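Undergrad: One structure coming up, written as structure tokens, with questions to follow.
The values are calculated or read from the model by the stated rules, or taken from the named source; none is laboratory data. If you're wondering where the values come from, they're calculated on a predicted model, not measured in any experiment. Note that we place each Cβ from the backbone using ideal geometry, even for glycine, and neighbour counts take in every protein chain shown. When the accessible area is computed, the model is the full protein with side chains, heavy atoms only, and any ligands, DNA or RNA have been set aside. Shrake-Rupley method; radii C 1.70, N 1.55, O 1.52, S 1.80 Å.
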Amino acid sequence: MSRSRRKSPSVVSDYTVGFGRPPQGSRFKPGQSGNPRGRPKAQKSTAQMLSEALFMPVAVTENGQRRRMPAQALLFRTLMRDALRGDKHAIRSLLMLMKAFPEAGPELRSAEEDHGARVREMLDRMAQNMAIEQGRSEPVP
């Protein structure tokens with residue numbers, strides 16, 4: 001016994017349901033999306049997040065004036081300030097950075113010839129003192 005599908009007498013239409021032709025009642029209404037939440041956003045990589053954090057502008061008060069600078073620049077200034085105050089960890093970190101980026105030295109000297117040379121001399125003396133404290137006769141390269 002087979003059942004035959006009959007159209008209800010109230011719905012009289014020439015529309016035939018089939019492949020690619022869904023019933024009119026189950027179609028998306030005008031203005032309604034089939035994917036309301038949309039495609040999920042891709043997750044950021046660690047490198048992207050680090051880059052965004054380092055170059056995020058930070059407000060700083062300097063000589064009574066407020067200015068904005070990248071977080072990375074503020075970190076380097078803080079590291080330099082701590083090294084000049086005698087923090088051994090900051091000095092070690094700064095020396096490692098100077099070794100990793102030797103091309104940064106001439107830029108320092110060209111910007112402020114006398115000041116850059118004095119800072120480099122002081123850092124060299126601190127490195128030599130740290131080497132002597134650790135039992136080495138020669139400074140850290």
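Undergrad: So the label point goes 7 Å from the Cα of R120 along Cα→C-beta, right? Which residues of region 82-96 then have their backbone N under 15 Å from it?
TA: It comes to 95, nothing else.
Undergrad: Next question, about the same structure. Excluding ligands and nucleic acids, what accessible area in Å² is computed for K44 using a 1.4 Å probe, to the nearest 10?
TA: Probe radius 1.4 Å; accessible area of K44 about 110 Å².
Undergrad: I'd like to check one number: the per residue accessible area of region 33-85, probe 1.4 Å, reported in Å² as a whole number.
TA: Roughly 88 Å² per residue, with all protein chains present.
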